[in-house]
1. Quick check on this structure: which one of Ile80, Ile60, Ile65, Ile91 is of a type outside the set (Lys, Arg), in a helix (DSSP H, G or I) and in contact with a Leu (Cβ under 9 Å, 6 or more places away or on another chain)?
2. Of everything in the stretch 41-57, what is free of Cβ contacts under 8 Å to residues at least 24 places away in the same chain and not in a helix (DSSP H, G or I)? Give them in sequence order.
3. Return yes when Ala38 is in a helix (DSSP H, G or I), of a type in the set (A, V, I, L, M) and out of contact with any Lys or Arg (no Cβ under 7 Å at 6 or more places or on another chain) and no when it is not.
4. Restricting attention to the stretch 84-97, which residues are surrounded by 14 or more Cβ atoms within 10 Å (Cβ to Cβ), over 10 Å from the mean Cα position of the chain (by Cα) and either under 19 Å from Ile57 (Cβ atoms) or of a type in the set (Lys, Arg) (or both)?
5. Does Val16 satisfy the condition of being touching an Asp or Glu at 6+ places or on another chain (Cβ under 7 Å) and assigned to a helix (DSSP H, G or I)?
6. In the list Ile49, Ile65, which residue meets the criterion of being aliphatic (A, V, I, L, M) and either over 19 Å from Ile91 (Cα atoms) or modelled with pLDDT of 90 or more (or both)?
7. (1) of a type outside the set (S, T, N, Q); (2) surrounded by fewer than 14 Cβ atoms within 10 Å (Cβ to Cβ); (3) over 18 Å from the mean Cα position of the chain (by Cα): which one isn't true of Ile80, the others all being true?
Amino acid sequence: MDREQYENAKRRLEEVTRRLRNEQMSAVERDRLEREGAQLAKAVMSPWIPFGWGYRIVMILIAAIGFWGLMEERYSFVLIWLVLLIFSPRIVGEIVSVLTGFKKDDRR
């Protein structure tokens with residue numbers, strides 16, 4: 001997925017979410033939008049590395065601190081690599097799906 005596809009999926013997900021919250025609709029239409037929203041959420045949460053350069057720079061700095069700790073034999077600094085997990089949309093998406101109890105089924 002490239003940045004343009006990601007941005008399109010993110011915009012469409014925001015639109016679907018807004019419609020589900022604010023508009024009255026039939027059960028069939030609501031079900032269709034919920035399925036589309038679930039598919040879009042998976043697409044938005046699929047990249048391993050975020051697209052924003054600010055987040056990428058922070059990730060590089062965190063990785064550098066961990067490497068410095070490894071080279072200086074200060075292994076407690078290597079634990080900072082665990083912070084990198086919160087910057088990955090895919091890992092955050094998986095954790096949220098586990099915590100919220102979403103099932104991975106083919107219908108959605």
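The values are calculated or read from the model by the stated rules, or taken from the named source; none is laboratory data. Keep in mind that this is a model prediction, so the values were computed, not measured. Cβ coordinates were reconstructed from backbone atoms using ideal geometry, including for glycine residues, and neighbour counts include every protein chain displayed.
1. Ile91
2. Gly52, the sole residue that qualifies.
3. Considered against the rule, which asks whether it is in a helix (DSSP H, G or I), of a type in the set (A, V, I, L, M) and out of contact with any Lys or Arg (no Cβ under 7 Å at 6 or more places or on another chain), Ala38 comes out as no.
4. Leu84
5. yes
6. It is Ile65.
7. All conditions are met except number (2).
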